[in-house]
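Read the structure below first, then the notes.
We did not get these values from a lab; they are worked out from the coordinates using the rules stated. Values in this document were obtained by computation on a predicted structure and should not be read as measured data. Every residue, glycine among them, receives a Cβ derived from its backbone with ideal geometry; neighbour counts consider all protein chains shown.
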Amino acid sequence: MFKANVLRVMIASPSDLGAARDAVEDAIGSWNAKHAESAGVVLLPWRWESSSVPGLSAPAQTLLNRQGVDRSDIVIALVGARIGTATPDAISGTVEEIDRARARGIPVHLYFSQESVSLNSIDTAQLEAVRTFRSQIQRLGLYGEFGRIDDLREQVDRALSSDVNSLAERKADAYFEADSDRVVDLHDTRWVMSRGSLASGSWSARVESWRSITSKNADGIERFVISLGRESDKLIPFGEANLPSYRLLPDSSRSDGGSLKLLPPHKSSGGSFAQYVEFDPPLDPGESAHLHWDGFVPNFKFSTRELFEPTTRGSKLGLREWDYVSFPISAPVARFIYSVFIPDELRADFVGVKAGRGGVDTAESHRLRVAGHASVRRTSVDGVEGSELSLDIERPHLKWTYRLCWRPPSQGDLDAGAASPA
């Protein structure tokens, strides 16, 4: 048994190259047998005829693009005497897959078959389309040719080794090459909970956040959004009694000397709230901004344990009796710090950090705790005693959500507390 990264290799070709497609899959299996353990990489072949999932939600080529090209790390493309069936966007499905993979920036290796074919089986229109495509490809890069199947296996083996070596060299920087208009050099957000005033069991919160970002947008970044979304057992729209209030602090700055301005709320309905920080002029590629803001969110949480089960039955998180603050990682983050302080008077018990893409990944949540990235400590804020749950990690998983979770007191506990003498 050994640990390994898995790279998906898509085999793309028209339907007339079945033997060649088999040879590519054989080459992938042979590469795994020779190199997988030493390289710490396993290559997983993907073929439409054996790996795709049927569906009627979209045209066939769209589904193949989504299931195959968009989820692959390497593409091996083969073309013989046929180019294949045209699609709305390309002269064939194979060509569309090649174009889509190139647009994603993943390695694409194209091989033309030199195997002779029977004159009786030649489709002249298809053959002419292959010749046209071949002349176009010459302007884009190098392609390979094969006559014997064994020759194809050898070429594919060399290409796969080259790709694995290149990906290993890029591994340290690949995280920051994600498709995003920015890199977040620092995300540091700290929540401080307090008792609310609107209703029994309601909580308020103060929040302070530091965010350092570097623009990757060719057109410049015009705005940065400060947002708050709620999932609560009582969804009460933001209004005068619980409208969040943010302010941009004076130490906020830009590397290019441009201005920063906090605009009025642009959305205030249901369980969501947002304000823009405007960059004037836009933050150009390579320029950075350091944003520091704080805010007060009154009466935004209404929680009793008895009400949690029916309101979370349909959630990706499953049935739960805990509450949380969370942040989704939508751009590469060099360092992510996230914490919540809960005073003793609120009588909540920390559950811990839960991370996952959609739901909760139990293994990763456990790793964060065992590795010391997540911790609970006794402390005080403004003279108030309590506990703080914090998470401090580098390069959090993209597209994952990180949650700081606690178990609120039940309504019975609240009622008992209200009845107790002061």
Binning at 5 Å from 0, report for the range 16-174 what percent of all alpha-carbon pair distances ends up in each bin.
1, 8, 16, 20, 21, 16, 10, 5, 1, 0, 0
Using a 7 Å offset from the Cα along the Cα-to-Cβ direction at both Ser253 and Ile337, what is the distance between the two label points in nm, to one decimal?
1.8 nm
Compactness check, the range 81-196: C-alpha Rg relative to the 2.2 N^0.38 Å globular estimate gives 1.67
Provide the gained length on full extension for the span Val370 to Arg158, in nm with one decimal, where the gain is 0.36 nm per separating residue minus the Cα-Cα distance.
72.3 nm
With a Förster radius of 60 Å, plug the Cβ-Cβ distance of Asp123 and Phe176 into 1/(1 + (r/R0)^6) and report the FRET value to the nearest 0.05.
0.80
If you take all C-alpha pairs in the range 1-51, what percent of them are over 15 Å apart?
47 percent
Between Thr379 and Asp151, Cβ-based FRET efficiency (R0 60 Å, step 0.05) works out to 0.35
Rg/Rh for the range 100-160: what does it come to with C-alpha atoms and Rh from Kirkwood?
1.01
Would you mind checking the pairs Lys34/Lys399; Lys216/Lys399; Lys216/Lys354; Lys261/Lys354 and listing those with alpha carbons more than 23 angstrom apart?
Lys34/Lys399; Lys216/Lys354; Lys261/Lys354
When you take every Cα atom in the range 67-143, what is the radius of gyration, and what is Dmax, the widest Cα pair distance, in Å?
12.9, 40
So if each residue of separation counts as 0.36 nm, and I subtract the Cα-Cα distance between Arg195 and Phe2, what length gain in nm does that give?
64.4 nm
Taking a temperature of 25 °C and a viscosity of 0.890 mPa s, what whole-number D in µm²/s does Stokes-Einstein yield for the range 17-93 with Rh from Kirkwood over alpha carbon pairs?
171 µm²/s
Rounded FRET efficiency, nearest 0.05, which uses the C-beta distance separating His397 from Asp294 and R0 of 25 Å:
0.35
